[in-house]
Amino acid sequence: MSIVIKRLRVESLDQPIGLDTEQPRFSWLLDSELQSQRQSAYRILVASNTDLLQQDIGEYWDSGEVVSDRSVQVIYQGNPLQAELRYYWKVKVWDETGAASEWSSIGQWTMGILDQNDWKGEWIGQSLDPEIEFPPSLYLRKEFVIDRPVKRATLYGTALGVYELHLNGSRVGDEYFAPGWTDYAVRTQYQTFDITASIQVGGNAIGAILGTGWYAGQVGMMGREIYGTSPALLLQLHIQFEDGSNHHIVTDETWTMNTGPIQYSDMLKGESYDARKETPDWDRTGFNESDWQKVYRFERYVGKLVSQIDPPIRITESINPVKMWMTKQGTYLFDMGQNMVGWVKLQVQGLTGTQITVSHAEMLQDEDTLYIENLRRADQKDIYILKGEGIETFEPHFTFHGFRYVEVEGLLDSELTLGSVTGRVVHSDTPSTGSLETSDDMVNRLISNIRWGQRGNYLSVPTDCPQRDERLGWTGDAQIFIRTASYNMDVSRFFAKFMEDMTDGQTPDGAFPDVAPDAGWFEFKQKVVKWFAPDNAGWGDAGVIIPWTLYLMYEDRTILETNYDAMKRWVEYLKANSTDRIRPDYANYGDWLSINADTPKDVLATAYFAYSTAIFVRIAKVLGYADDVIEYSALFEEIRTAFVRTYMDEKGIIQGDTQTVYVLALYFGLLSEEMKPLAAKRLEELIQQNGNHLSTGFLGVGYLLPVLTENGLEELAYSLLHQDTFPSWLYSVKQGATTIWERWDGWTEEAGFQNPGMNSFNHYSLGSVGEWMYRYMAGIDVDSEQPGFKHIVIHPRPGGKLTYVKANVESGYGLISSSWQLNDGLFSLQVSIPVNTTATIHMDGTSVRVPDEAVKMGMENGKHTYQIGSGNYEFISQIEKVMKVT
Ligand code: RAM
């Protein structure tokens with residue numbers, strides 16, 4: 001048997017703790033030295049201890065030998081899983097010859113708190129006056145004695161607000177901004193920490209710092225105290241002793257509290273920290289807490305506590321500034337060399353009481369001045385007051401900033417060096433899965449900018465921007481970028497959590513929100529912005545597009561099942577709010593930030609109505625809801641017909657006549673076979689008339705290059721990719737951008753900075769071209785009939801100025817790679833296909849070399865197609881037409 005089992009995962013995680021999923025899903029990676037290897041059957045054992053497992057006994061689940069080639073997302077089918085128990089599992093597989101593998105190594109996971117009634121503690125904190133705009137962060141503590149050896153100690157924690165845990169003098173865990181952002185009125189996530197190694201027999205001290213966070217601090221443009229006034233903490237420490245007994249330590253009236261050095265710390269307003277007020281050892285035993293007070297106990301929480309689904313927010317990288325200079329106003333300016341999100345670690349020395357201000361900005365106004373106009377009401381400033389004891393290190397606690405430049409002000413008697421400042425890159429720690437490289441440096445910079453945009457903006461929710469007073473989970477941005485995002489990183493759990501935010505925010509009549517968690521946005525929009533539409537075309541549709549994309553990329557059926565009713569209600573909502581299948585022309589965002597090309601809002605909304613319906617039909621098919629397939633296929637046909645009848649004339653001109661209307665009509669399948677070439681032709685003309693420039697906004701841009709490529713306009717797609725005059729992707733690259741800009745015209749040679757109220761330099765939406773780069777340029781795509789890369793489509797498109805492309809995608813089955821080179825008309829392609837998958841290869845030109853194992857399938861759109869199994873292969877062909885973009 002040549003197959004080896006590697007990397008066991010439960011719910012896509014390595015050895016997770018604290019799961020509250022009743023039927024977790026198992027995945028394993030298979031490896032082999034041989035080509036074309038597949039699994040024909042598996043057997044899974046789940047036990048509550050390793051001894052049983054070693055004897056091949058799974059008292060919780062023995063799946064028996066299941067004839068199946070599934071090796072990802074296999075759903076647990078055993079006895080009910082018990083709260084807080086640790087489970088062990090192993091798997092063995094059979095290959096296609098019927099030979100069995102060895103048993104895998106043993107994997108494990110623990111369950112968390114499953115029943116709301118099992119929370120024993122109380123919510124504690126300080127009752128705050130709602131008038132206090134910037135309350136100090138709170139320190140809470142308790143000491144306890146452990147008198148017997150501990151087998152396992154598990155700490156469950158959460159907060160209404162944000163919290164940082166400490167135990168016996170050290171920070172617990174490496175995550176920031178826990179418990180993350182949800183609609184706290186409905187749902188709050190709890191975190192699980194295994195602290196067995198840090199608990200000691202004898203005295204122990206546990207503590208937490210509690211900040212306002214999204215719960216009570218500033219959120220977006222909507223102000224503060226969106227969910228409540230006073231942050232509260234809930235902890236439950238479960239100690240299991242060696243002797244089999246149990247003990248719980250929970251938050252209750254025995255805890256004490258005090259304020260400390262953090263004068264305030266607000267997501268949007270920065271932090272002020274007075275080091276003179278530090279109380280060293282507050283998180284150790286023996287601390288003198290005589291001036292600490294009794295905690296306030298809050299009423300019971302009415303929402304639901306759920307185990308955190310999405311990856312924790314962590315510091316994933318530290319970067320050093322590339323340049324430092326003294327400004328004419330006598331401050332220090334640092335250039336991080338990269339527009340980034342997080343904060344800086346500052347190392348300084350000086351006299352006690354010296355106040356240092358650290359200001360952050362994405363751009364410079366002039367050589368010595370930060371550009372902060374685009375921050376609106378956000379204050380990207382941290383203040384540090386020195387205690388005056390040697391070298392002091394400061395990092396803020398409950399705030400983050402979007403910046404490339406850092407200004408340090410207030411040092412009178414000491415000098416800073418490049419090493420005084422370190423950039424901390426902070427985001428939801430979604431594992432990296434994809435990489436791309438090409439022969440063109442400008443394109444490579446664009447790829448990097450897209451990635452940094454994702455890193456900077458995925459912070460508990462997919463935010464639009466990290467710097468101004470917004471930073472909201474805009475659903476339109478999320479949907480247009482999700483496919484790019486899911487190539488770059490494993491965003492399955494990040495978006496599973498976001499779908500909960502989406503459904504929490506769905507209106508009773510079915511409209512998905514345009515911001516999730518809604519955080520009062522809808523109300524604000526109606527009252528202040530005076531925009532009454534509860535939904536928005538291309539935004540609310542995220543509620544259907546996101547689950548479908550997760551299914552395509554990760555073979556996640558559960559996400560479809562969980563959200564099926566919500567998606568159906570959305571389509572029903574659209575139906576109920578349309579006339580003769582045409583959606584109204586009420587205020588919506590349109591093709592947001594397009595360039596002199598307004599797409600009529602009803603055209604756009606009707607197109608998206610059709611698209612949501614079409615996706616819903618595909619989902620109903622996957623889940624086997626035959627009646628819905630019939631009903632909603634008919635609805636799609638009606639919308640499609642209404643769209644064409646209402647908006648398209650006999651020459652094929654679609655109302656609005658923007659690039660985006662043709663892109664949407666083609667991508668969403670709204671046109672008949674005869675109409676398609678007309679639409680493609682018109683799209684080509686519009687681009688050419690625009691001097692080979694795009695004019696699309698957030699919505700059109702995502703499908704622009706895919707539509708061109710699918711409709712025989714591959715070279716034009718490459719011209720747009722390589723275009724570096726305004727408006728284009730490479731225009732910003734040419735201006736030195738290190739992230740994707742919100743607007744094509746964020747800064748132009750003619751006009752300088754644009755509209756400061758809406759000018760973020762770190763917005764990922766226009767970076768949705770990343771999807772095209774993976775799917776078309778490198779040519780790694782999914783097959784919706786066998787999603788999650790079970791069957792892989794490899795269809796590279798040599799073209800443009802590129803002489804090589806290298807792409808890797810770490811799929812659920814393992815590493816897929818596609819690399820091509822073009823040399824004097826010789827096109828060579830190297831691919832790697834993981835065990836237990838197959839691939840279809842599409843090759844341009846005349847075959848020069850085809851691997852023996854490849855099965856010829858015939859011609860498709862003028863290309864040779866081959867079927868291969870797992871392994872590494874090389875294909876070479878002669879290409880006559882060498883495309884060169886001038
Ligand atoms: C803005 C943001 C966001 C966008 C909405 C419509 O405030 O730019 O990205 O989705 O508007």
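The values are calculated or read from the model by the stated rules, or taken from the named source; none is laboratory data. Just so it is clear, the structure is predicted and the values come from calculations on it, not from any experiment. With ideal geometry, Cβ positions are generated from the backbone for all residues, glycine too; neighbour counts draw on all protein chains shown. Note: accessible area is taken over every heavy atom of the protein model, side chains too, but ligands, DNA and RNA are not part of it. Shrake-Rupley method; radii C 1.70, N 1.55, O 1.52, S 1.80 Å.
Quick one: would you say D51 is within 30 Å of Y873 (Cα to Cα), of a type in the set (D, E, K, R) and not assigned by TED's automatic domain parsing to the domain that holds H238? Explain how you work it out, then say what you get.
Values: within 30 Å of Y873 (Cα to Cα): no; of a type in the set (D, E, K, R): yes; not assigned by TED's automatic domain parsing to the domain that holds H238: yes.
It is false that D51 is within 30 Å of Y873 (Cα to Cα), of a type in the set (D, E, K, R) and not assigned by TED's automatic domain parsing to the domain that holds H238.
Pairs, please: C-beta under 7 Å, at least 6 apart or cross-chain, first residue part of a loop (DSSP other than H, G, I, E, B) and in the range 735-757, second open to solvent by 20 Å² or more (accessible area, probe 1.4 Å) and among the basic types (K, R)?
From residues that are part of a loop (DSSP other than H, G, I, E, B), the pairs are T738/R404; Q754/R743.
Every residue in the range 690-713 that is surrounded by 19 or more Cβ atoms within 10 Å (Cβ to Cβ) and either acidic (D, E) or not in a helix (DSSP H, G or I) (or both), please. Walk me through it before giving the result.
Looking only at the range 690-713, we keep the residues that are surrounded by 19 or more Cβ atoms within 10 Å (Cβ to Cβ), and these are 693-709, 711, 713.
Selection gives H693, L694, S695, T696, G697, N711, L713.
Enumerate the pairs (first residue in the range 534-546 and within 15 Å of the ligand (Cβ to nearest atom); second residue anywhere and open to solvent by less than 10 Å² (accessible area, probe 1.4 Å) and charged (D, E, K, R)) with beta-carbon separation below 6 Å, excluding pairs fewer than 6 apart on the same chain, so at least 6 apart or on different chains.
Matching pairs, first to second residue: N536/D514; W539/D514.
For the range 434-455, check the following and say yes or no: at least one residue is polar (S, T, N, Q), open to solvent by 10 Å² or more (accessible area, probe 1.4 Å) and assigned to a strand (DSSP E or B). Quick ask: steps written out before the conclusion?
If we filter the range 434-455 for residues that are polar (S, T, N, Q), which is where we start, we get 435, 438-439, 444, 448-449, 454.
Retained after the next criterion (residues that are open to solvent by 10 Å² or more (accessible area, probe 1.4 Å)): 435, 439, 444, 448.
Keeping just the survivors that are assigned to a strand (DSSP E or B) gives 435.
Yes, the range 434-455 contains a residue that is polar (S, T, N, Q), open to solvent by 10 Å² or more (accessible area, probe 1.4 Å) and assigned to a strand (DSSP E or B).
Among the strands (runs of 3 or more DSSP E) confined wholly to the range 262-356, which include 3 or more residues that are closer than 30 Å to S428 by Cβ and at pLDDT 95 or above?
262-266, 270-274, 304-307, 313-319, 332-348
Looking only at residues that are of a type in the set (A, V, I, L, M, F, W, C) and open to solvent by 10 Å² or more (accessible area, probe 1.4 Å) in the range 783-826, which one is farthest from V848 (Cα to Cα)?
Filtering the range 783-826 for residues that are of a type in the set (A, V, I, L, M, F, W, C) and open to solvent by 10 Å² or more (accessible area, probe 1.4 Å), the one farthest from V848 (Cα to Cα) comes out as L815.
State whether the residues of the range 579-587 include one that is within 16 Å of the ligand (Cβ to nearest atom) and open to solvent by 10 Å² or more (accessible area, probe 1.4 Å). Don't jump to the end; show me each part of the working.
Applying the first criterion (within 16 Å of the ligand (Cβ to nearest atom)) to the range 579-587 yields 586-587.
Narrowing the set further to residues that are open to solvent by 10 Å² or more (accessible area, probe 1.4 Å) leaves 586-587.
Yes, the range 579-587 contains at least one residue that is within 16 Å of the ligand (Cβ to nearest atom) and open to solvent by 10 Å² or more (accessible area, probe 1.4 Å).
Looking at G456, G473, which is the one that is closer than 15 Å to E317 by Cα and either within 16 Å of the ligand (Cβ to nearest atom) or among the basic types (K, R) (or both)? Full working, then the answer.
Numbers: G473 fails: closer than 15 Å to E317 by Cα.
Sole residue among the options that is closer than 15 Å to E317 by Cα and either within 16 Å of the ligand (Cβ to nearest atom) or among the basic types (K, R) (or both): G456.
On the given criteria, is E880 open to solvent by 20 Å² or more (accessible area, probe 1.4 Å), within 29 Å of N711 (Cβ to Cβ) and not in a strand (DSSP E or B)?
Working: open to solvent by 20 Å² or more (accessible area, probe 1.4 Å): yes; within 29 Å of N711 (Cβ to Cβ): yes; not in a strand (DSSP E or B): yes.
Answer is yes for this residue.
Report yes if some residue within the range 674-686 is surrounded by 21 or more Cβ atoms within 10 Å (Cβ to Cβ), under 25 Å from the mean Cα position of the chain (by Cα) and at pLDDT 95 or above; otherwise report no.
So far as the range 674-686 goes, no, none of its residues is surrounded by 21 or more Cβ atoms within 10 Å (Cβ to Cβ), under 25 Å from the mean Cα position of the chain (by Cα) and at pLDDT 95 or above.
In this structure, does G700 turn out to be within 16 Å of the ligand (Cβ to nearest atom), touching a residue at least 40 places away in the same chain (Cβ under 8 Å) and more than 21 Å from Y405 (Cα to Cα)? Don't jump to the end; show me each part of the working.
Values: within 16 Å of the ligand (Cβ to nearest atom): yes; touching a residue at least 40 places away in the same chain (Cβ under 8 Å): yes; more than 21 Å from Y405 (Cα to Cα): yes.
Yes.
Can you tell me which residue within the range 41-65, out of those that are in a strand (DSSP E or B) and open to solvent by less than 40 Å² (accessible area, probe 1.4 Å), is farthest from W109 (Cα to Cα)? Even if it seems obvious, please write down each step before you answer.
Taking the range 41-65 as the starting set, the residues that turn out to be in a strand (DSSP E or B) are 41-47, 61-62.
Among the residues that remain, those that are also open to solvent by less than 40 Å² (accessible area, probe 1.4 Å) are: 41-42, 44-47, 61.
Values: A41: 24, Y42: 20, I44: 14, L45: 13, V46: 10, A47: 11, W61: 14 Å.
Only one residue fits best here, namely A41.
Please list, ordered by first then second residue, the pairs with beta carbon atoms under 7 Å, 6 or more apart or interchain, first in the range 14-43 and at positive phi, second in a loop (DSSP other than H, G, I, E, B).
G18/G112; S36/E853; S36/G869; S36/S870
Any residue in the range 417-437 that is acidic (D, E) sitting within a Cβ distance under 7 Å of a residue that is outside any strand (DSSP E or B)? List the pairs, counting only those 6 or more apart or interchain.
D429/P311; D429/P312; E437/N444
Looking at (1) open to solvent by less than 20 Å² (accessible area, probe 1.4 Å); (2) more than 16 Å from the ligand (Cβ to nearest atom); (3) of a type in the set (A, V, I, L, M), which is the one condition that is false for A576?
Of (1) open to solvent by less than 20 Å² (accessible area, probe 1.4 Å); (2) more than 16 Å from the ligand (Cβ to nearest atom); (3) of a type in the set (A, V, I, L, M), only one is false for A576: (1).
Of everything in the range 476-500, what is more than 16 Å from the ligand (Cβ to nearest atom) and either touching a Cys at 6+ places or on another chain (Cβ under 9 Å) or closer than 17 Å to G697 by Cβ (or both)? Give them in sequence order. Full working, then the answer.
Just the residues of the range 476-500 that are more than 16 Å from the ligand (Cβ to nearest atom), to begin with: 483, 486-497, 499-500.
None - no residue of the range 476-500 is more than 16 Å from the ligand (Cβ to nearest atom) and either touching a Cys at 6+ places or on another chain (Cβ under 9 Å) or closer than 17 Å to G697 by Cβ (or both), so the list stays empty.
Restricted to the range 754-767, and to residues that are open to solvent by 10 Å² or more (accessible area, probe 1.4 Å) and within 18 Å of R377 (Cβ to Cβ), which residue is nearest to the ligand (Cβ to nearest atom)?
The first filter runs over the range 754-767 and keeps only residues open to solvent by 10 Å² or more (accessible area, probe 1.4 Å), leaving 754-758.
Cutting the leftovers down to within 18 Å of R377 (Cβ to Cβ) gives us 755-758.
Numbers: N755: 11, P756: 13, G757: 9, M758: 6 Å.
Of everything passing the filter in the range 754-767, M758 is nearest to the ligand (Cβ to nearest atom).
When the residues of the range 476-517 are narrowed to those that are β-branched (V, I, T) and over 12 Å from the mean Cα position of the chain (by Cα), which ends up nearest to R451 (Cα to Cα)?
Narrowing the range 476-517 to residues β-branched (V, I, T): 480, 482, 484, 491, 503, 507, 515.
With over 12 Å from the mean Cα position of the chain (by Cα) added as a condition, the list becomes 480, 503, 507, 515.
Numbers: I480: 15, T503: 27, T507: 33, V515: 22 Å.
Per the criteria, the residue is I480.
Within the range 362-419, track down each residue that is of a type in the set (D, E, K, R), open to solvent by 50 Å² or more (accessible area, probe 1.4 Å) and assigned to a strand (DSSP E or B).
Once the filter is applied, which keeps residues that are of a type in the set (D, E, K, R), open to solvent by 50 Å² or more (accessible area, probe 1.4 Å) and assigned to a strand (DSSP E or B), the range 362-419 yields D366, K381, E409.
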